[in-house]
1. For the range 429-455, give me the residue count where each residue is over 19 Å from Arg383 (Cβ atoms), surrounded by 15 or more Cβ atoms within 10 Å (Cβ to Cβ) and small (Gly, Ala, Ser).
2. Tell me, which residue of the range 196-220 that is of a type in the set (S, T, N, Q) and surrounded by 12 or more Cβ atoms within 10 Å (Cβ to Cβ) is nearest to the chain's Cα centre (by Cα)?
3. May I ask you to verify whether Gln190 is open to solvent by 50 Å² or more (accessible area, probe 1.4 Å), assigned to a helix (DSSP H, G or I) and either over 29 Å from Val156 (Cα atoms) or at pLDDT below 80 (or both)?
4. I need every pair where a residue in the range 61-85 that is closer than 16 Å to Ala119 by Cβ has its Cβ under 7 Å from the Cβ of a residue that is among the polar types (S, T, N, Q) and at pLDDT 90 or above, sequence separation at least 6 or different chains.
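The values are calculated or read from the model by the stated rules, or taken from the named source; none is laboratory data. What you are looking at is a predicted structure, and each value in this text was computed from that prediction instead of being measured. Note: ideal-geometry Cβ built from the backbone for every residue, glycine included; neighbour counts use all protein chains shown. Ligands, DNA and RNA are stripped out before the accessible areas are found, and what is left, the full protein with its side chains, is counted by its heavy atoms. Shrake-Rupley method; radii C 1.70, N 1.55, O 1.52, S 1.80 Å.
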Amino acid sequence: AVRDLVVASQVALLPEDDLGLACLLKSPFIGWTDEQLEAMATGRLPGQSLWAHLVAAGDVLLLSWLRDLIRRAAAEPPYEFFSHLLQMPCPADPVSGLHAICGHLGAEALDPLDEFLNAALKFEANHIAALQGFLRALEQGDTEIKREQESSGGRVRIMTVHGAKGLQAPIVILPDTTRITRLPAGENAQRLIWPDKSGLSMPVWSPRKTLDSRVYTDIYNRFADRQDEEYRRLLYVALTRAEDRLYIAGYTGRRGHNEDSWYNYMSRALGRLPGIKTQAFESRHWPPSAATEEGLEDEPLLTRFSGTQKDSEPVAESRQAPETRAAPDPEKYPWLRRPAPVESDPPRPLMPSRPAEKSVPARSPLDSVGDEYRFRRGVVTHRLLQFLPGVMPEERAEAAHRFVNVYAADLPEPVRAGVARETLTILNDPAGMPLFGPDSQAEVPVTGMAGGRLISGQIDRLVVREREVWIVDYKTNRPPPVHEKDVPPLYRQQMKLYRDIVSNIYKGRAVRCFLLWTDGPHLLELLFPAP
């Protein structure tokens, strides 16, 4: 399923890829047969690509689907591209591409498809969301998807003995038990023994048995014993997977069963078990009722070992039966028959820094002559006031100039110097110094209810003291008022909302509100009646 998605994206990026296009034409999305593909491929002109010949053939539905893929591959991130590929109808299935894949490969395709889409999302979160880059990362990765095998869901599971560890099934078939899977002996043996298998610091090798030294023979025998132990452990795992019935089968040539095969081990052991009934059938047909006179001379073709199967011990019920109670009386509880009230949508948060009312008027264009950098200057000042209070006082001047020269390199040098000078003036002002002390915090988000509204905002500076809390909000690109009565009403409303939220958080403490005008600079305290 993943390969089908990958080949579709590769063709969308490069339609002239003949091999990729041939694979896509045979994928569940399009569903061509070998005969259809062969007819299309062999009918090309010399040197003509499969894509060019497909365009010339003029299959409108197929070309429309392929061209839509090509367009999306150039414009969409990986996750959106593959999601659309799975959701939209395809030439082979009018429902969706996912429906086509599941119809072709079954429900087991869903797990790898989910992980594939998760990989696309993860890639987009950490890289440039380009389809070509995702395919490249996919090639270089080693993602492995392990499906939970606890329940087969009524399906036949084909797996190795190693893969079946920890699982059980009512019926287990061991189809190939006559081969020798342990270490062979003699001239056909594995002559080179590596250090991880021999326990030595170097490989051990002998070209043939007649040249084996005593040291090599000892090492080889120890290695063979370990291999034989593992061989028998695997047999134990295979036998204990069956709950009710176990079929042991295998194919042999003229030599018959090898002494060291699983088949021989089990055939000899099952016949010695107490309480086991043995029944042999010399028929080539199953069931035994269809037996004919034809059979093998030396041994039966089928031997059935059966015994009494015991049910598992019943588990004592540890929980008591649930207590039954009478249904409540609807007359006593009338709300039982009333429909639940309709829940109102959550209120849209009000952001005090972005009020819905009309904003205050900006300064006149005539007043801004020679101050075309006031907006940028306000942003840089805001950033300086955010981090500069955390710098040692004797190092602030150097840090401020270094910051504006890097962060505000687009501003003229006199403007940069003015920003640094104004910010340092604010921090060194005795009246404003407590606002930037060690008990203050920068860029503090707040959310709460005030005036029946959900308020969400961010306070530029917050000072929490033992009996008081101070709120500071920076204002830029506005002419600073001299008196509190000249402060725009919107700014007063913003600070009042902040005051109400903080008052609910720090109950019992007085809350003071300040506006710091960076275009000046000028610090002004706003006075509000007690909440």
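1. Going through the range 429-455 one residue at a time, the tally reaches 2.
2. Of all residues in the range 196-220, those of a type in the set (S, T, N, Q) come to 198, 201, 206, 210, 213, 217.
With the extra rule that they be surrounded by 12 or more Cβ atoms within 10 Å (Cβ to Cβ), the set shrinks to 198, 206, 217.
Details: Ser198: 42, Ser206: 51, Thr217: 52 Å.
Result: Ser198.
3. Numbers: open to solvent by 50 Å² or more (accessible area, probe 1.4 Å): yes; assigned to a helix (DSSP H, G or I): no; either over 29 Å from Val156 (Cα atoms) or at pLDDT below 80 (or both): yes.
For Gln190, the condition - open to solvent by 50 Å² or more (accessible area, probe 1.4 Å), assigned to a helix (DSSP H, G or I) and either over 29 Å from Val156 (Cα atoms) or at pLDDT below 80 (or both) - is not met.
4. Filtered contacts from the range 61-85: Phe81/Ser9.
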